[in-house]
Amino acid sequence: MEVIIMKDYNAMSKKAAEIIKSVVLRKPNCVLGLATGGTPVGTYKELIKFHKEGKLDFSKVITFNLDEYISLPKTHDQSYFYFMHDNLFNHINVNPENVHVPDGMAEDVETFCKWYEDEIKKAGGVDVQLLGIGSDGHIAFNEPGSSLASRTRMKTLDEQTIKDNARFFKSEAEVPRYAITMGVGTILESKELLLIANGKKKADVCAEFIEGPITSQITASALQLHPKAIVVLDEEAASKLKKYNYYKWVYENKPKK
Ligand code: PGA
């Protein structure tokens, strides 16, 4: 796992966007795995900036999102479908036909999940998967206890996740209790993983998934199994790391041990 520590949220976002940009430039018809939540918003702003400056063309890019709440229609302002259009898709030239977000209103969830997995395969697999991390250590909605071999399926949200996500809703009671999520096994099949995290609140869990054992109690620890996993943290999220010398990026963006 390559751990890169940036000064702050903006620098973390810029670094993550640069990594995604390099994949799109190398392979204009690449498959991007995308994430929602507060963390990736800055990364998406940077990608939009690249696009508006004429540096990035998304016309051939295919996207797959990690997860979606069950029971929220696409038009709900807290659905991940809505989030992705609001924060990225409406501002770049991605072809709507190439966009995939799990359908939280699917009548037959099991059949839908199988279809989603098949679509990822048909597209050739995900080239780079962007990930956030929950304060309970989840990637996507793979809550503690999720099998590290799991596939796209329905999951019950952990109490901690419901509390964490209540900030986006009028009240905790309004947070959906179920979601469709790519599995840890699905995520591990991506050619490259890019996990981003910022802020003091993520410091403990970042130390655990990077330096602790691989465990289904912290599904982000499965990144240790991946041959090409990059973790970009800001200094606060990295503040509890102890064991190794990680790359610190100073203002000029030069790696310094
Ligand atoms: P956050 O969520 O970016 O809003 O902190 C991360 C996650 O739950 O994956």
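The values are calculated or read from the model by the stated rules, or taken from the named source; none is laboratory data. All values derive from a computational prediction rather than experimental measurement. No Cβ is skipped: glycine too gets one built from the backbone with ideal geometry, and neighbour counts run over all protein chains shown. Please note that ligands, DNA and RNA were not included when accessible areas were found on the heavy atoms of the full protein model with its side chains. Shrake-Rupley method; radii C 1.70, N 1.55, O 1.52, S 1.80 Å.
Residues in the stretch 196-214: is at least one open to solvent by less than 80 Å² (accessible area, probe 1.4 Å), in a strand (DSSP E or B) and modelled with pLDDT of 95 or more?
The answer is yes; a qualifying residue exists.
Of the numbered conditions (1) closer than 27 Å to L241 by Cα; (2) surrounded by fewer than 21 Cβ atoms within 10 Å (Cβ to Cβ); (3) of a type in the set (A, V, I, L, M), L72 fails exactly one; give the number of that condition.
Condition not satisfied by L72: (1).
A quick yes/no check of all residues on (1) β-branched (V, I, T); (2) closer than 30 Å to F169 by Cβ; (3) open to solvent by 60 Å² or more (accessible area, probe 1.4 Å):
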{"residue": "I5", "(1), (2), (3)": "yes, no, no"}
{"residue": "N10", "(1), (2), (3)": "no, yes, yes"}
{"residue": "K14", "(1), (2), (3)": "no, yes, yes"}
{"residue": "A17", "(1), (2), (3)": "no, yes, no"}
{"residue": "I20", "(1), (2), (3)": "yes, yes, no"}
{"residue": "V23", "(1), (2), (3)": "yes, no, no"}
{"residue": "R26", "(1), (2), (3)": "no, no, yes"}
{"residue": "A35", "(1), (2), (3)": "no, yes, no"}
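Among the residues of the stretch 53-66, which ones are in contact (Cβ under 8 Å) with a residue 12 or more places away in the chain and open to solvent by 10 Å² or more (accessible area, probe 1.4 Å)? Step through it out loud before you land on a result.
Going through the stretch 53-66, the residues in contact (Cβ under 8 Å) with a residue 12 or more places away in the chain turn out to be 55-66.
Scanning the stretch 53-66 gives K55, D57, S59, K60, I62.
Condition check: within 16 Å of the ligand (Cβ to nearest atom) and part of a strand (DSSP E or B). Does G38 satisfy that?
Working: within 16 Å of the ligand (Cβ to nearest atom): yes; part of a strand (DSSP E or B): no.
When the stated conditions are applied, G38 does not pass them.
Please count how many residues of the stretch 105-140 are closer than 27 Å to N29 by Cα, of a type outside the set (V, I, T) and within 16 Å of the ligand (Cβ to nearest atom).
5
Would it be correct to say that I218 is over 16 Å from H138 (Cα atoms), surrounded by 18 or more Cβ atoms within 10 Å (Cβ to Cβ) and modelled with pLDDT of 95 or more?
Criteria not met by I218.
Limited to the stretch 1-35, what total is found for residues that are within 16 Å of the ligand (Cβ to nearest atom) and among the hydroxyl-bearing types (S, T, Y)?
Number satisfying all stated conditions: 2.
L148: more than 16 Å from the ligand (Cβ to nearest atom) and either crowded, with 22+ Cβ neighbours inside 10 Å or on the phi < 0 side of the Ramachandran plot (or both), yes or no?
On the way: more than 16 Å from the ligand (Cβ to nearest atom): yes; either crowded, with 22+ Cβ neighbours inside 10 Å or on the phi < 0 side of the Ramachandran plot (or both): yes.
Against the criterion (more than 16 Å from the ligand (Cβ to nearest atom) and either crowded, with 22+ Cβ neighbours inside 10 Å or on the phi < 0 side of the Ramachandran plot (or both)), L148 qualifies.
Is it the case, given these coordinates, that I48 is in a helix (DSSP H, G or I), in contact (Cβ under 8 Å) with a residue 40 or more places away in the chain and buried (at least 22 other Cβ atoms within 10 Å of the Cβ)?
On the way: in a helix (DSSP H, G or I): yes; in contact (Cβ under 8 Å) with a residue 40 or more places away in the chain: yes; buried (at least 22 other Cβ atoms within 10 Å of the Cβ): no.
Spelling it out, it is not the case that I48 is in a helix (DSSP H, G or I), in contact (Cβ under 8 Å) with a residue 40 or more places away in the chain and buried (at least 22 other Cβ atoms within 10 Å of the Cβ).
Looking at the stretch 166-191, which of its residues are in contact with an Asp or Glu (Cβ under 8 Å, 6 or more places away or on another chain), surrounded by fewer than 19 Cβ atoms within 10 Å (Cβ to Cβ) and more than 22 Å from D127 (Cβ to Cβ)?
So the first thing to find is which residues in the stretch 166-191 are in contact with an Asp or Glu (Cβ under 8 Å, 6 or more places away or on another chain), and the list is 166, 179-182, 186, 190-191.
Okay, now just the ones that are also surrounded by fewer than 19 Cβ atoms within 10 Å (Cβ to Cβ), so 166, 191.
Residue satisfying the conditions is A166 alone.
For K163, are the conditions met, namely being over 30 Å from K27 (Cβ atoms), within 14 Å of the ligand (Cβ to nearest atom) and surrounded by 19 or more Cβ atoms within 10 Å (Cβ to Cβ)?
Values: over 30 Å from K27 (Cβ atoms): yes; within 14 Å of the ligand (Cβ to nearest atom): yes; surrounded by 19 or more Cβ atoms within 10 Å (Cβ to Cβ): no.
Answer is no for this residue.
List the pairs whose first member sits in the stretch 22-38 and is under 11 Å from L56 (Cα atoms), whose second member is outside any loop (DSSP other than H, G, I, E, B), and whose Cβ atoms are under 8 Å apart, counting only residues at least 6 apart or on separate chains?
If the second residue must be outside any loop (DSSP other than H, G, I, E, B), the pairs left are V23/L32; V23/V128; V23/E192; V24/L32.
Could you tell me which of the residues M84, M105 is open to solvent by 70 Å² or more (accessible area, probe 1.4 Å), aliphatic (A, V, I, L, M) and modelled with pLDDT of 95 or more?
M105
Any idea which of (1) under 21 Å from V231 (Cβ atoms); (2) within 15 Å of the ligand (Cβ to nearest atom) is the one A179 doesn't satisfy?
(1)
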